[in-house]
Ligand code: GDP
Ligand code: IMO
Ligand code: MG
């Protein structure tokens, strides 16, 4: 068997959580491979809504194994809060969730360092989620990190050494902070972690594959936030791309199967950084209002704009996407006109290739489509799709070179249509 990968193709928040939940019945195992509590994956079903941050989105379909892989960074305090809230609503995870001993721990000082670095950057700040993601991955690559498996081996001295290193940096930066209250919560989180199976998930995943079990790898963030291929430096600190599933789970490249690429029918971004198709007008406000585009975790308003096919085609190439899934087209159900960016005008020269420099001077070149002006949220099959909507889908498939296999028409699990298209 192979590992199928599901990932975001834009700047995150494409609707990954919803689709992982929809696909979970087809899999035995769901595994997160990178990122951490910077993610906010929303799922809605039976009139209930859940937002998951570090926990995989396969936990609600019953009887599935869920894995937090080695590529994830885990904050024990936030993990405890998230898991306890789920437990209170009847979802006990201690039996169905496995955590890699190789996953790195977000220390309390990583969160403080995140805030300190952002504050030092002033107006050029990244606009991080403040969860300590950058500093934790920095320590991982710098070979100074603490891993989940370390909590059983001389943990106190390793912890103290790391904290002392961080405190030296914070002192040099002259940054004021209070470690004590967060430290207590953090250690309670570490104790709580011990209730779970902390194990060699890399070995286990490969055993599962040999036993012909089916595995879905769940990405966090999006391809345009990838540390190598995204809009650097306004990115997150991990590899969000398909290859990240190999390094983040311990799976060889030839063992990757389908790659599901998820995109919104328009585009959003939170935090700073280039966004060529961003709208600052009434249309952008309407997208934000119709799509409830406010951060699932932080509540920050998301920046909104038209779909960017230059960036999307690039993401599809980097990820090797085999199936596309389009989300949230219902947000534009009442739009007269829909636009899609097909090229960038860079100082008078047009390009369809995603460039190294995306500056203020990049101007999107748009194709325009008639809106479908139909409430699609209750549709049950693609046979009901309006003609204008089908024209938009065909154009996207032609431009992107990959079939759109699924269309999501609302936040609920049930508002999902699988298309019966030929490859
Ligand atoms: P993720 O981080 O990729 O899992 O996405 P988020 O959960 O951060 O953001 C997606 C938001 O859109 C959530 O509030 C979802 O409930 C909602 N959503 C998902 N799919 C659809 C859809 O097709 N239509 C609408 N209107 N909302 C959707
Ligand atoms: P999901 O998985 C959208 C953004 C932050 C910031 C940048 C770096 O829900 O799609 P970080 O805290 O990672 O160092 O922040 O990345 N960002 C996200 N944007 N969705 C996410 O996750 C994000 N995770 C991080 O806003 O611009
Ligand atoms: Mg999100």
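General observations
- Condition broken by residue 86, with the remaining ones in (1) surrounded by fewer than 23 Cβ atoms within 10 Å (Cβ to Cβ); (2) assigned to a loop (DSSP other than H, G, I, E, B); (3) modelled with pLDDT of 95 or more satisfied: (2)
- Criterion (assigned to a loop (DSSP other than H, G, I, E, B), more than 27 Å from residue 242 (Cβ to Cβ) and either free of Cβ contacts under 8 Å to residues at least 12 places away in the same chain or within 16 Å of ligand 3 (Cβ to nearest atom) (or both)) met by exactly one of 297, 292: 292
- Output for the range 268-297, where each listed residue is within 11 Å of ligand 1 (Cβ to nearest atom) and either touching a strand residue (DSSP E or B) at 6+ places or on another chain (Cβ under 6 Å) or within 29 Å of residue 357 (Cβ to Cβ) (or both): 268, 270, 287, 293, 294, 295, 296
- Test: residue 367 is farther than 19 Å from residue 264 by Cβ and modelled with pLDDT of 95 or more: no
- Extreme residue, nearest to ligand 2 (Cβ to nearest atom), among residues of the range 278-301 that are under 22 Å from residue 123 (Cα atoms) and modelled with pLDDT of 95 or more: 278
- Candidates 359, 374 - the one that is in contact (Cβ under 8 Å) with a residue 12 or more places away in the chain, within 29 Å of residue 274 (Cβ to Cβ) and in a loop (DSSP other than H, G, I, E, B): 359
- Residue within the range 56-68 that is within 16 Å of ligand 1 (Cβ to nearest atom), surrounded by fewer than 21 Cβ atoms within 10 Å (Cβ to Cβ) and without any contact (Cβ under 8 Å) to a residue 24 or more places away in the chain present: no
- Note on the range 25-49: among residues that are more than 12 Å from the chain's Cα centre (by Cα) and either assigned to a strand (DSSP E or B) or crowded, with 24+ Cβ neighbours inside 10 Å (or both), the one that is nearest to ligand 3 (Cβ to nearest atom) is 43.
- One residue from 325, 338 being in a strand (DSSP E or B), within 15 Å of residue 265 (Cα to Cα), at pLDDT 95 or above and within 16 Å of ligand 2 (Cβ to nearest atom): 325
- Residue identified as surrounded by fewer than 19 Cβ atoms within 10 Å (Cβ to Cβ) and touching a strand residue (DSSP E or B) at 6+ places or on another chain (Cβ under 8 Å) among 198, 203, 216, 193: 193
- In the range 185-209, residue farthest from residue 72 (Cα to Cα) [restricted to those that are without any contact (Cβ under 8 Å) to a residue 60 or more places away in the chain and out of contact with any helix residue (DSSP H, G or I) (no Cβ under 9 Å at 6 or more places or on another chain)]: 207
- Filtered residue count, the range 386-412, keeping only those that are out of contact with any strand residue (DSSP E or B) (no Cβ under 8 Å at 6 or more places or on another chain) and either under 19 Å from residue 321 (Cβ atoms) or assigned to a loop (DSSP other than H, G, I, E, B) (or both): 5
- Going through (1) out of contact with any helix residue (DSSP H, G or I) (no Cβ under 7 Å at 6 or more places or on another chain); (2) within 14 Å of ligand 1 (Cβ to nearest atom); (3) modelled with pLDDT of 95 or more one by one, residue 320 falls short only on (2).
- Among the residues listed as 423, 375, the single one being surrounded by fewer than 15 Cβ atoms within 10 Å (Cβ to Cβ) and modelled with pLDDT of 95 or more: 375
- Looking only at the range 224-251, and only at residues there that are in contact (Cβ under 8 Å) with a residue 24 or more places away in the chain, more than 11 Å from ligand 2 (Cβ to nearest atom) and part of a helix (DSSP H, G or I), the one that is surrounded by the most Cβ atoms within 10 Å (Cβ to Cβ): 245
The values are calculated or read from the model by the stated rules, or taken from the named source; none is laboratory data. All figures in this text were calculated on a predicted structure; none of them were measured in a lab. Cβ atoms come from the backbone with ideal geometry, glycine included; neighbour counts cover every protein chain shown.
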